[in-house]
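The values are calculated or read from the model by the stated rules, or taken from the named source; none is laboratory data. Predicted model, so just to flag it, every value in this text is computed and none were measured. Heads up, the Cβs are rebuilt from the backbone with ideal geometry, glycines too, and the neighbour counts pull from every protein chain shown. Side chains are part of the model used for accessible areas, which takes the heavy atoms of the whole protein and leaves out ligands, DNA and RNA. Shrake-Rupley method; radii C 1.70, N 1.55, O 1.52, S 1.80 Å.
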Amino acid sequence: MKLRDWLFGTLRRQLAVGVALVHAVMMSVFVFDLVVRQQELLQARQADEARSLARTLALSARAWVLTRDLAGLAELTRIDGDNGVEYMMLIDARGEVLAHTDPARVGQYLADMQALIAQPAPQVAALGSSPKLADVVAPVVAAGRVVGWARVGVGPGEHAAVSARIVRDGMLYTLVAIVIGALLAVLMSRAITARLQQIRDAADAVRAGQHELRVPDDGRTDEVGAVARGFNAMLDALAHKRSLLRSLVETLPDMVWMKDTEGRYLLCNRALGRVFGRAEADVIGRTDHELLPADFADHLRRHDQRAIDAGQPVRNEEWVTLADDGQRVFVETVKAPMYDAEGKLIGVVGIARDYTERLRAAEQLRLSASVFAACVEGIVITDAEHRIIDANPAFTRITGFARDEVIGRTSAFLSSVRHGPEFHAALWATMRQQGVWRGEMWTRSKFGEEVAQQVSIAALRDDGGQITHYIKVFTDISDLKAHEAELNEIAHHDPLTGLPNRRLLRDRFAQAHAQAARGRHGLGVALVDLDGFKPINDSLGHEAGDQVLRTIAERLGHCLRGGDTVARLGGDEFVLLLVNLADADEAGQVLERVLHAVAQPITLGGQAVQVSASIGLTVFPHDPTDPDTLLRHADAAMYSAKEAGRNTWRLYGGEGE
C-alpha cells in the first residue's frame with residue numbers, strides 16, 4: 001500500500017491528516033513569527049546597547065582625542081569580560097584609528113568612515129546591523145566641532161543563548177502542538193465521520209443485496225444528518241422504484257428476464273419461472289445451463305449472442321415446454337442488448353409472449369375464412385351503421401353484385417319495395433330485443449329482379465354490450481317460392497279458367513262476410529248457371545265446352561267492380577261476391593251487365609254459339625245468415641230465374657222462394 005493511499009484512503013484519514021496539517025502549519029507559522037519577533041527584539045536591544053556604548057565612549061574620549069593621548073585611549077577601548085562587545089575603537093577626524101580593541105588595527109584609515117566625516121551635522125549612526133553584530137559610530141565633539149569618532153561593535157553575547165533557547169523552545173512547542181492537534185484531528189474526524197461510516201456501511205450492505213437496510217436517524221440537524229436522511233430517502237425512492245418495477249414485471253403476463261454478460265439471471269418474473277419449474281429466487285444468479293437441458297440452454301445462449309451481435313432487438317418464435325405442468329406453448333421472444341451510460345455492454349433483456357391462443361385463433365380464423373368463402377349461403381357482414389364490410393362469393397352469385405361494388409354501402413340498397421316501413425321496423429325491434437331475426441325477405445338483385453331469401457340476421461356485441469356488427473346469412477328461395485306459387489295456384493284456382501275455386505272462394509267469402517258484418521254496406525252473393533252449355537259441350541266436344549267456359553269466365557271478370565270476386569264452383573256454375581253494396585239495386589246493375597256479356601255470341605272454329613245465364617241473388621245483411629246459407633239461398637233464387645224463362649236474375653225473397 002502506498003503512503004498516499006494509507007494517509008488519504010478514507011475520508012476519516014483525509015479529514016484527520018488535513019486538520020493536522022492545517023494545525024501544524026498554523027502552529028509553525030505562529031512559532032516562527034514569535035521567534036522572529038524575539039530575534040528582532042534582541043537585535044534592537046543589541047543596537048541600543050551599541051549606540052549607548054558608542055555615546056559613552058565618545059564622551060569619555062573627548063579630552064584624550066584632543067590631546068592624542070594614545071595610552072588613555074587604548075585604556076578606554078580595552079574590553080573586560082564577555083559582555084557581548086566585539087570591538088571598540090577611537091578615530092580622529094581624518095579617519096585614522098587612534099585606539100582599537102585589537103592593537104593591530106591602530107593607525108589604519110577606515111574607508112567606510114569617509115561618508116560620515118563629510119557630513120555637515122554628524123550624529124550617532126549605525127554602519128551595520130545584523131543578528132551577529134551591531135556596528136555603531138558616534139561623533140566626538142569638542143568646542144562645537146567633531147574632533148573624532150567613537151565606534152563600537154556589539155555582538156549577540158548572552159543574547160545568542162537566549163535566541164537559541166527561544167528557537168529550541170519554539171520547535172518543542174510546535175512539535176507538541178502538532179501531536180496534540182493530530183490527536184484532536186483524529187478524534188474530531190472520528191466523531192464527524194462516524195455517521196458517514198454508518199452511511200458507508202449501509203451503502204456496502206445495499207450493494208450486497210440488503211435493500212431494506214437504513215441508516216439510523218439520531219435527529220441530528222447538521223450536514224451529516226441531512227446526508228443520512230437524504231441517503232435514506234434515496235433508498236426509499238429506489239425501493240419504491242424497485243417495487244414498481246417488480247409490480248410491473250409480475251403484472252405482465254409475458255415472460256420477462258434480464259441476464260448479465262455471463263448469462264446469469266439478474267431478474268425474472270413468475271411467468272418465466274414456469275419454464276424452469278422454479279421460484280424466481282431460485283433462478284436469480286443461475287445460468288441457463290444450470291436450469292435447463294444442455295441443448296436447450298445452448299439454443300438460448302445462441303439467441304442471446306445474436307441479439308448482442310446485432311446490437312438491436314432480435315425476434316424469434318419457438319415452442320417451449322413449461323417445466324411446471326408440461327404444457328407446450330408457442331412464444332414470440334424479443335431479446336435486446338443492455339448498455340450502461342458509457343455504452344458498455346452489461347447484459348441482455350428479454351420478453352417472451354405466449355401466442356398459443358393467438359396461433360390457434362389464427363388457425364380458426366383461416367378455417368372460418370375458408371368456410372366463409374366456400375359456404376353456399378350468402379353471407380354479408382356490416383358494421384353497427386349497416387355499412388357492408390365484407391361479403392362472400394355466394395353473395396355475388398345470388399345478388400349479382402361483386403364484393404367490391406357493395407363494400408362501404410349500406411345494405412338498404414338491396415331492400416325490395418315489397419316490404420314497407422312496418423316490416424323493417426318490426427325486424428329491427430326484434431333485433432334490439434333478441435339480437436337475432438329469422439324469416440323470409442325479398443331483395444333486389446343487380447339486374448332489378450326480386451329475389452326471395454330465407455334470412456338469418458345476428459347482432460355481434462362487444463364486452464360492453466354495444467352492437468359492433470351484424471351478420472346476415474341468406475339462401476335464395478326464389479325457385480321454392482315459385483313452386484309454392486304454383487301449388488297455391490293449383491290449390492286455390494280452377495285449372496281451366498284460372499278463377500278462384502271452392503277453397504279460395506270459402507276464404508274470400510268468410511273475409512267479405514266478416515267485413516260486411518262490421519260495416520254498413522251489404523254483401524251480394526250471386527250464383528250463375530249457364531243456359532244452353534250442355535248441348536254445345538255434347539255436340540262440339542269438351543274442348544269447345546272448355547273454350548266456352550274460359551270465355552265466360554273472362555267476361556264475368558270484366559263485368560265486376562274492383563274488390564268483387566268471381567269463382568267457378570264446377571261444371572257451368574259460377575259464384576259472384578259483390579262487396580260494399582249500398583242496396584240490391586246496385587247488385588242488379590252488375591247482374592244486368594253480366595247477363596248481357598254472357599249472351600254475346602262465341603266463335604268456335606268458325607261457328608258462332610251462344611249461351612245465356614240464370615242468376616240467383618241474395619244480399620247480406622238483408623239475408624242475415626252465414627256464408628253457406630247465403631250460398632244455398634242464392635242457389636234457390638237461381639232456380640227461380642230458370643223457372644222465369646232463363647236469361648234473367650232473381651233476388652232471394654225468403655223461405656218460400
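Restricting attention to the range 586-613, and to residues there that are touching a residue at least 60 places away in the same chain (Cβ under 8 Å) and closer than 13 Å to residue 552 by Cβ, which single residue is surrounded by the most Cβ atoms within 10 Å (Cβ to Cβ)? Here the residue is 613. Confirm whether residue 114 is of a type in the set (S, T, N, Q), touching a residue at least 12 places away in the same chain (Cβ under 8 Å), touching a strand residue (DSSP E or B) at 6+ places or on another chain (Cβ under 7 Å) and open to solvent by 70 Å² or more (accessible area, probe 1.4 Å). So residue 114 does not fit the description; no.
Every condition in (1) within 23 Å of residue 554 (Cα to Cα); (2) assigned to a helix (DSSP H, G or I); (3) of a type outside the set (Phe, Trp, Tyr); (4) in contact with a Ser or Thr (Cβ under 9 Å, 6 or more places away or on another chain) holds for residue 637 except the one numbered (1).
Being among the hydrophobic types (A, V, I, L, M, F, W, C) and more than 19 Å from residue 618 (Cβ to Cβ) is a condition met by at least one residue of the range 514-533.
Criterion applied to 150, 126 was being aliphatic (A, V, I, L, M), in a strand (DSSP E or B), open to solvent by less than 40 Å² (accessible area, probe 1.4 Å) and touching a residue at least 24 places away in the same chain (Cβ under 8 Å), and the one residue passing it is 150. Counting only helices (runs of 4 or more DSSP H) that sit wholly inside the range 500-570, those with at least 3 residues that are open to solvent by 30 Å² or more (accessible area, probe 1.4 Å) and at pLDDT 90 or above are 502-518, 542-559. Of the residues making up the range 300-357, those that are open to solvent by 80 Å² or more (accessible area, probe 1.4 Å) and small (Gly, Ala, Ser) number 1.
The set of residues from the range 390-428 being of a type in the set (D, E, K, R), more than 14 Å from residue 453 (Cβ to Cβ) and open to solvent by 50 Å² or more (accessible area, probe 1.4 Å) comprises 403, 404, 405, 409, 422. Of the residues making up the range 217-228, those that are closer than 13 Å to residue 196 by Cβ and either open to solvent by less than 80 Å² (accessible area, probe 1.4 Å) or not acidic (Asp, Glu) (or both) are 220, 222, 224, 225, 226, 227, 228.
Scanning the range 614-636 for residues that are within 14 Å of residue 578 (Cβ to Cβ) and either aliphatic (A, V, I, L, M) or open to solvent by less than 30 Å² (accessible area, probe 1.4 Å) (or both) yields 615, 616, 617, 618, 619, 620, 623, 630, 631, 634. Applying the condition of being exposed (fewer than 15 other Cβ atoms within 10 Å of the Cβ) and among the basic types (Lys, Arg) to the range 230-269 and asking which residue is farthest from residue 302 (Cα to Cα) yields 241. In the set (1) more than 21 Å from residue 329 (Cβ to Cβ); (2) of a type in the set (A, V, I, L, M); (3) in contact with a helix residue (DSSP H, G or I) (Cβ under 9 Å, 6 or more places away or on another chain), the condition left unmet by residue 252 is number (1). Within the range 21-43, not a single residue is within 28 Å of residue 139 (Cβ to Cβ), open to solvent by less than 30 Å² (accessible area, probe 1.4 Å), outside any helix (DSSP H, G or I) and modelled with pLDDT under 85. Suppose we keep only residues that are part of a helix (DSSP H, G or I) and β-branched (Val, Ile, Thr) within the range 196-229. Which one would you say is nearest to residue 269 (Cα to Cα)? Here the answer is 206.
It is to be established whether one or more residues within the range 46-56 are under 30 Å from residue 178 (Cα atoms), open to solvent by less than 20 Å² (accessible area, probe 1.4 Å) and not charged (D, E, K, R).
Looking for residues that are under 30 Å from residue 178 (Cα atoms), open to solvent by less than 20 Å² (accessible area, probe 1.4 Å) and not charged (D, E, K, R), one finds none in the range 46-56, hence no.
For every residue, the table says whether it meets (1) closer than 18 Å to residue 399 by Cα; (2) in contact with a strand residue (DSSP E or B) (Cβ under 9 Å, 6 or more places away or on another chain); (3) open to solvent by 40 Å² or more (accessible area, probe 1.4 Å); (4) not aliphatic (A, V, I, L, M).
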position: 433; (1), (2), (3), (4): no, no, yes, yes
position: 441; (1), (2), (3), (4): yes, yes, no, no
position: 448; (1), (2), (3), (4): yes, no, yes, yes
position: 451; (1), (2), (3), (4): yes, yes, no, no
position: 455; (1), (2), (3), (4): yes, yes, no, no
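Going by the conditions given, is residue 480 under 48 Å from the mean Cα position of the chain (by Cα) and either within 30 Å of residue 379 (Cα to Cα) or not in a loop (DSSP other than H, G, I, E, B) (or both)? Spelling it out, it is not the case that residue 480 is under 48 Å from the mean Cα position of the chain (by Cα) and either within 30 Å of residue 379 (Cα to Cα) or not in a loop (DSSP other than H, G, I, E, B) (or both). Of all residues in the range 293-304, those being over 29 Å from the mean Cα position of the chain (by Cα) and within 14 Å of residue 333 (Cβ to Cβ) number 5.
Pairing each residue of the range 299-321 that is in contact (Cβ under 8 Å) with a residue 24 or more places away in the chain with any residue that is open to solvent by less than 50 Å² (accessible area, probe 1.4 Å) and not in a strand (DSSP E or B), provided the two are 6+ apart or on different chains, yields C-beta distances under 8 Å for 301/263; 301/288; 304/263; 317/355; 320/275.
For residue 200, are the conditions met, namely being open to solvent by 50 Å² or more (accessible area, probe 1.4 Å) and in contact (Cβ under 8 Å) with a residue 24 or more places away in the chain? Answer is no for this residue. For the range 564-585, filtering for residues that are touching a residue at least 60 places away in the same chain (Cβ under 8 Å) and under 18 Å from residue 544 (Cβ atoms) leaves 1. Taking the range 487-519 as the range and being within 22 Å of residue 591 (Cβ to Cβ) and among the charged types (D, E, K, R) as the test, the residues that pass are 494, 502, 508.
In the range 354-362 there is at least one residue that is more than 30 Å from residue 407 (Cβ to Cβ), β-branched (Val, Ile, Thr) and free of Cβ contacts under 8 Å to residues at least 40 places away in the same chain. Can you pull out every residue in the range 363-386 that is surrounded by 15 or more Cβ atoms within 10 Å (Cβ to Cβ) and either aromatic (Phe, Trp, Tyr) or without any contact (Cβ under 8 Å) to a residue 24 or more places away in the chain (or both)? Once the filter is applied, which keeps residues that are surrounded by 15 or more Cβ atoms within 10 Å (Cβ to Cβ) and either aromatic (Phe, Trp, Tyr) or without any contact (Cβ under 8 Å) to a residue 24 or more places away in the chain (or both), the range 363-386 yields only 372. If you go through the range 417-435 one residue at a time, do you hit one that is hydroxyl-bearing (Ser, Thr, Tyr) and out of contact with any Phe, Trp or Tyr (no Cβ under 7 Å at 6 or more places or on another chain)? Within the range 417-435 (the criterion being hydroxyl-bearing (Ser, Thr, Tyr) and out of contact with any Phe, Trp or Tyr (no Cβ under 7 Å at 6 or more places or on another chain)), the answer is no, since none of the residues qualifies.
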